[in-house]
Each structure stands twice: as C-alpha cells, then as structure tokens.
Amino acid sequence: MRYFIDISYDGSNYHGWQIQPNADTVQHQINLAFSTILNEEINVLGAGRTDTGVHAKKMIAHFDTNQTIDFEKFKYRINGFLKNDISLNDIYKVKEDAHARFSAISRTYEYRVSRTKNPFSVNSYFLLRDLDFQSMKKACKFLHGSHDYTSFAKLHSENYTNNCEVFIANWKEDENLLIFTIKANRFLRNMVRAIVGTLIEIGEGKISFSDIETILMSKDRAKAGYSVPANGLSLIDIEYPKEILI
C-alpha cells in the first residue's frame, strides 16, 4: 500500500531534504522515525529537494508498507518521535502508481524579506535598503507563462529541460514584510532565490523592471541578480490530481 504524508519543517538545522553522507537531513529524520514506529525499513520519497536552510510549510512525500495504519495514532506517535522542528501534519492512502514527485501538477514557494530587524523573524531575509516596490511588482508580469529559466538556474545543473511554466508570481506587503509568491509546474535548483535577488536589484534601481525579460531570453546566469539567502525561502504548497486519492 502507498501512503502520502504532509509534513512541515524548519530547515535551519538541516543540510536540505535529501539524505547525504555525514550530514543530518529532513529525509533522514523522517526515515528514522517511520522505520522505528512501523518496525520495518521505510524510505520516504519527497516531492522535491529543498536546499540547506530552506523551510517547508507543506512538503509531500510517499512511502510503501503492507501495514494498515491508524492515521491518528500514527501521527501522534510519529510527532512524539520527531524533533521539534519537523511535524507530520497528515497522512492519506493513495493509488499504487501515485508518486510524490512525478504526480505533482504544481508547487508554490514563498520568499520573505524583512524590512526591520526582528529576532522573531529569523525565517526571512533582513534587508534595510530602500526599494522601489512598485517596479519589483511590475517585473513579475514577465515571469508568467512558459519560459526557459536557464538564467535563474544553478550553473552546471543537470536537467532534462530548463523550461518551467509559471502560473503565479507576485509581491505583497504585510506590515514590515515583503512576501514574494511564485507557483509553477516545476522549479530548477536555486531558481526562486535567483529570481528574488534579481527583483531586489530592480527595486534598488540597478536594472529596470523590463530588463527581466531580456535576462530571461539571454539564458545566461551571469546576467541575472544574486541569489538571496536560503533562510527566507519556504515551500508552501504542492498540488496533485484528485484522482490519486483512494
């Protein structure tokens, strides 16, 4: 039987999602907890691979077991085992061919920029410089649709394609926070952080809001802006077809 799990984590203390030798990762902690509670070897497979320091409000992963699971009791036991910075939010049974990564139809990320220094806003990028917020918002329209995002991808990444379809890209202001939200069918490694860094350079007046179209078309990472720190980035949603549920 195959199960999907919905988990949240603060990535500050982990070397990303994916298991690595000699480093603590979120996937390692989940595998350890599930294998211990179910008393069998469990390997969860996530919908994506968040980098070191990146957070998730909603990461989906799947695992297989022949055991019938009492969901509420299982959640209680797992959350008692997991560290305080990882939480199992939900578990549900899915079809055998449902895949956490390949069945996903969209993913949504959020990047938070703090305009004031606040020790309680550690999961945001503190930036005191003046920004032209309206230009940053105007630039987002050039991100919508299907484009080759090579200019915003980590160099030398191995992808079968660098094309991504962006459904939503916008900024909103919430008191002293600037929040960038982007939803797409898929993302390249470092893509969101490079986009945000470029949008901030637009806000600083280093480039025009319309220059982002030229940067996209150049397919040259050197033309885009810097990558903002990982701590402001969170995976906040993943969507699947309803048919995968049992």
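The values are calculated or read from the model by the stated rules, or taken from the named source; none is laboratory data. Keep in mind it's a predicted model, so treat the numbers as computed, not measured. Quick reminder, even Gly has a Cβ in these numbers, built from the backbone with ideal geometry, and neighbours come from all protein chains shown.
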* **Unique match (being more than 20 Å from the chain's Cα centre (by Cα), surrounded by 14 or more Cβ atoms within 10 Å (Cβ to Cβ) and assigned by TED's automatic domain parsing to the domain that holds ASP174) among PHE142, PHE126** => PHE142
* Total residues in the range 184-213, condition at negative phi and under 12 Å from the mean Cα position of the chain (by Cα) -> 8
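Here is a yes/no grid of residues against (1) of a type in the set (A, V, I, L, M, F, W, C); (2) assigned to a strand (DSSP E or B):
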site	(1), (2)
VAL113	yes, yes
LYS138	no, no
LYS141	no, no
HIS147	no, yes
* With (1) out of contact with any strand residue (DSSP E or B) (no Cβ under 8 Å at 6 or more places or on another chain); (2) in the same structural domain as LEU143 (by TED's automatic domain parsing) as the list, and GLU243 as the residue in question, which single condition is left unmet? -> (2)
* Top-ranked residue of the range 218-243 - restricted to ones that are in contact (Cβ under 8 Å) with a residue 60 or more places away in the chain and assigned to a helix (DSSP H, G or I), ranked as surrounded by the fewest Cβ atoms within 10 Å (Cβ to Cβ) -> GLU243
* Extreme residue, farthest from LYS93 (Cα to Cα), among residues of the range 48-66 that are surrounded by 12 or more Cβ atoms within 10 Å (Cβ to Cβ) and polar (S, T, N, Q) -> THR52
* Asked: Any chance the range 109-116 includes a residue that's among the aliphatic types (A, V, I, L, M), within 18 Å of the chain's Cα centre (by Cα) and modelled with pLDDT under 95?
  -> no
* To do: Go through the residues of the range 183-193 one by one and say whether even a single one is in the same structural domain as CYS140 (by TED's automatic domain parsing) and assigned to a strand (DSSP E or B).
  => yes
* Quick one: in the range 33-43, which of the residues that are in contact (Cβ under 8 Å) with a residue 40 or more places away in the chain and buried (at least 16 other Cβ atoms within 10 Å of the Cβ) is farthest from ALA100 (Cα to Cα)? -> ILE37
* Just for the range 151-167: of the residues that are touching a Leu at 6+ places or on another chain (Cβ under 9 Å) and modelled with pLDDT of 95 or more, which one is nearest to LYS219 (Cα to Cα)? -> SER151
* Mind counting the residues in the range 81-97 that are over 20 Å from the mean Cα position of the chain (by Cα) and among the hydrophobic types (A, V, I, L, M, F, W, C)? => 3
* So TYR160, is it touching a residue at least 60 places away in the same chain (Cβ under 8 Å), more than 18 Å from GLY225 (Cα to Cα) and not in a helix (DSSP H, G or I) -> no
* Can you name the condition, by its number, that ILE212 falls short on among (1) surrounded by 17 or more Cβ atoms within 10 Å (Cβ to Cβ); (2) assigned to a loop (DSSP other than H, G, I, E, B); (3) touching a residue at least 40 places away in the same chain (Cβ under 8 Å)? -> (2)
* Please specify each residue of the range 1-26 satisfying the condition of being crowded, with 22+ Cβ neighbours inside 10 Å and within 15 Å of the chain's Cα centre (by Cα). => ILE7, TYR9, GLY11, TYR14, TRP17, VAL26
* Unique residue being within 27 Å of LYS242 (Cβ to Cβ), part of a strand (DSSP E or B) and not hydroxyl-bearing (Ser, Thr, Tyr) when the list is LYS57, LYS75 -> LYS57
